[in-house]
Amino acid sequence: MRLWTTRPVGRGRIDVASRRVNLGAVLLQAANTDPDGVALVAPDRVTFSDLAVMSGRLAAHLATRIQPGDRVALLAGNELSFVQAYLATLLAGGVAVPLNGTSPSLELAGELAMVEPALVIASPSYSDLARRACTQCDTEVAVFVNDVDGANDLPAEPMQPVERASDDLAVLLFTAGTAGAPKPAMLTHGSLLANLEQMQAHPGLRVGSDDVALGVLPLFHVFGLNVVLGLTLMAGGGVTLVDHFHPTETLARLRADGVTVVAAVPAILEAWQALDATAAPDDAFARVRLCVSGASPLAPELVAAMHARFALEVHDGYGLTEASPVVTTSAIAAKPRAGSVGPPLPGVDVRLVDTDGNDVLEGDPGEILVRGPNVFAGYWNDPEATALVLGADGWLHTGDVGVADEKGWLSLVERAKDVVIVSGFNVYPGEVEHVLAQHADVADVAVVGEPHPRTGETIVAYVVAKEGTHPDPVELLRHAGRRLARYKLPTRVELVDELPRSFAGKLLRRELSPPSSSAAALSAGTSVPGGSTTDERFTPDATTKPA
């Protein structure tokens, strides 16, 4: 039988390996061709000319404090301050490190220690969090508060972009990714630009200068950073920035701003679907010509419900941070296929292999391997982890399992890795287990994901108590809440006598049983640090605000 091979659509291979380019300059090129075009609605309208000038001025300031290649951490929401700081860092030749503002300061301090930034740029709303994280960091890091309302004393003239090679680093993004606990994935100017050009070469994903994209996905996530912000700016379109998702208010912004392109995660679509007819009339998405979902599995029932109620076709796709991120999409067809994430983008090669690394037969499941100029350069200062996922031949081992039909349409079977996806965010069980295991009353712990109606999946922790102790599930959550981002916290803690393990001592996650009425457990809805409930912490509107 014939082995399944990639059938990319569009204009063929994208290759940026030999270019000298600054991604920031590419994203601002519309300032030369359409200076008065609207780049952002944040909530005031910002033209490309204004965005280029303000980013160039901040870049000129950064040039007095950093050298090309220095890391610059960014701590801000979906706001003008973030976009300006991101573009300015790229223009100055720095490496942008977007951080999750919902993370507690201790977690941020660990991330800062890992990447050793020369500077942290924070918006005013996140400045206190940034200072706390820097205080708790082993190395001294300065904080620059980026006040876009005019409090900053910046050079009057914008600087010219620093020339960068395509393989120079542009961004470090923390990801649970394909190889264990969160680590910074190295994305280059070339890899990010390659994925932008791959999307623009795709007839179903191509964005135009007349498009307005909804910027509700967090900009510290690769989906929001490159697919929404990067692609739209490069095309000369506009982005409506939404810093805090609320189903009714965000839908009102979508309609008022004339949004034509929506990128979302299933939890957002579920929230809109749950609105009544007053808040979400049948024509709510009348101007939307393209809606794509990603970052977590999209249920066929949700696709059907969005079409039946709003006449909106929701296309699914597959990607990962290490691929900058998009690999496949179903947007090549007018109607999505239930359960399929579509064929690869132009210039992206995909293989399905068995456990011996051999190509599987067509229709058989295999691990998804990805190759192309969009593939990342590895994990920061971690050659061992890099070698586990990135071969010398350029193939990225995703750890995900898929099958493909005779036309090259991919369907995901399962995640070979143990990553749990909560509202589109990767949560690696080992990280949560490590934090809970540090509690004095915990002898053993295992973390798994289980389905959740709003967030796709949620975190459940199984805890074995140390002899003579009686751990309080509420206290365990408080312990975790001081060390982990909100979306990583369990919504339930169950106390069990022992954990299932193999003869070699390996944890058998698949054998962990559903909750029983006899087990001591903390159910969703119990208060945890910050005044919220564990259930509330996993709603889409809890993903972009400071902790």
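Quick one: which residues, 5+ away or cross-chain, put their amide H under 5 Å from the amide H of Gly93? H built at 1.01 Å from N.
Answer set, sorted by chain and number: Val162.
Can you list the HN-Hα couplings for the stretch 53-70, worked out from phi with the Karplus curve (6.51, -1.76, 1.60; θ = phi - 60°), rounded to whole Hz and with x for Gly and Pro?
Calculated HN-Hα couplings, in order: 5, 5, 6, x, 5, 5, 4, 4, 5, 4, 4, 7, 10, 10, 10, x, x, 5 Hz.
Can you give the extra length, in nm with one decimal, that the chain gains between Arg65 and Asp149 once fully stretched, where that is 0.36 nm per residue apart less the Cα-Cα distance?
Gain in length upon complete extension: 28.1 nm.
Please list the non-local residues whose amide H lies under 5 Å from the amide H of Leu390, H modeled 1.01 Å from N, same-chain partners needing a gap of 5 or more.
Here the answer is His397, since their amide H atoms fall under 5 Å of that of Leu390.
What's the ranking of 429-435, 76-82 by average number of surrounding C-beta atoms within 10 Å, highest first? All intermediate terms of the calculation are to be shown ahead of the outcome.
Numbers: 429-435: 20.3, 76-82: 26.0.
Result, highest mean first: 76-82, 429-435.
Which ³J(HN,Hα) values in Hz, rounded to whole numbers, follow from the phi angles of the stretch 239-244 under the Karplus curve 6.51 cos²θ - 1.76 cosθ + 1.60, where θ = phi - 60° and Gly and Pro get x?
10, 8, 7, 10, 7, 8
Placing one identical point scatterer on every Cα of the stretch 277-353 and ignoring solvent, what is log10 I(q)/I(0) from the Debye formula at q = 0.12, 0.18, 0.23, 0.28 Å⁻¹?
Log-scaled intensity ratios, in q order: -0.38, -0.76, -1.07, -1.35.
Starting from the stretch 394-461, pick out the trypsin sites (Lys or Arg not before Pro) whose DSSP state is loop and whose Cβ has at most 15 other Cβ atoms within 10 Å. If you can, show how the numbers build up before the last one.
Details: sites: Lys407, Arg415, Lys417, Arg454; in loops: Lys407, Lys417, Arg454.
Those satisfying the criteria are Lys407.
Order by neighbour count: Leu214, Leu129, fewest other Cβ atoms within 10 Å first, most last.
In increasing order of surrounding Cβ atoms, one gets Leu129, Leu214.
Output the peptides 197-207, 275-285, 259-269 sorted from most to least packed, where packing is the average of other Cβ atoms within 10 Å over each peptide's residues. The partial results should precede the final answer.
On the way: 197-207: 20.9, 275-285: 13.8, 259-269: 24.4.
Sorting 197-207, 275-285, 259-269 by mean packing, highest first, produces 259-269, 197-207, 275-285.
How many nm separate the modelled label positions at Lys335 and Ala437, each set 7 Å beyond the Cα in the direction of the Cβ?
Reported label-point gap for Lys335 and Ala437 is 5.0 nm.
For the stretch 74-123, just list the percent of Cα-Cα distances falling in each 10 Å bin from zero outward, please.
26, 55, 19, 0
Give me the extension gain from Glu362 to Arg510: residue separation times 0.36 nm, minus the current Cα-Cα distance, reported in nm with one decimal.
Numbers: separation 148, 0.36 × 148 = 53.28 nm, distance 2.78 nm.
The Glu362-Arg510 span can extend by a further 50.5 nm.
Note the count of lysine pairs whose C-alpha atoms are less than 29 angstrom apart in the chain, limited to pairs 8 or more residues apart or on different chains.
Lysine pairs, 8 or more places apart or on different chains, close enough: 14.
If packing is taken as the average count of other Cβ atoms within 10 Å, what order do 37-45, 312-320 fall into, highest mean first?
Descending mean neighbour count gives 312-320, 37-45.
Ignoring everything except DSSP H segments at least 4 long, calculate the 222 nm mean residue ellipticity for the chain; use -39,500 (n - 2.57) per segment, divide by total residues, nearest 500.
Dividing the helical sum by the residues of the chain leaves -6500 deg cm²/dmol.
Report, by chain and number, residues whose modeled amide H sits under 5 Å from the one on Val445, excluding near sequence neighbours (fewer than 5 apart, same chain).
Under 5 Å from the amide H of Val445 lie the amide H atoms of Val464, each far enough along the sequence or on another chain.
Under the rule a/c < 1.5 gives rounded, and otherwise a/b versus b/c splits prolate from oblate, where does the stretch 194-234 land using the Cα gyration tensor?
oblate
What is the calculated FRET efficiency for Glu467 to Ala113, with r their C-beta to C-beta distance and R₀ = 35 Å, to the nearest 0.05?
Efficiency at R0 = 35 Å is approximately 0.50.
Pop out the ³J(HN,Hα) list for the stretch 325-332 in order, Karplus 6.51 cos²θ - 1.76 cosθ + 1.60 with θ = phi - 60°, rounded to Hz; leave Gly and Pro as x.
x, 7, 10, 9, 7, 8, 6, 5
Classify the stretch 129-278 as rounded, prolate or oblate from the Cα gyration tensor: take a ≥ b ≥ c as the square roots of its eigenvalues, call it rounded if a/c is under 1.5, otherwise prolate when a/b beats b/c and oblate if not.
Taking the square roots of the gyration eigenvalues as a ≥ b ≥ c, the stretch 129-278 is rounded.
Tell me, what is the FRET efficiency for Arg482 and Arg206 to the nearest 0.05, using R0 = 30 angstrom and their Cβ-Cβ distance as r?
Working from the Cβ atoms, E equals 0.10.
What FRET efficiency comes out for Asp167 versus Glu140 if R0 is 35 angstrom and r is the Cβ-Cβ distance? Round to the nearest 0.05.
Between Asp167 and Glu140 the formula returns 0.70.
Only the coordinates and a few stated rules stand behind these numbers; no lab work does. Note that the coordinates shown come from a computational prediction; the quantities given were computed from them, not determined experimentally. We place every Cβ from the backbone using ideal geometry, glycine too, and count neighbours over all the protein chains shown.
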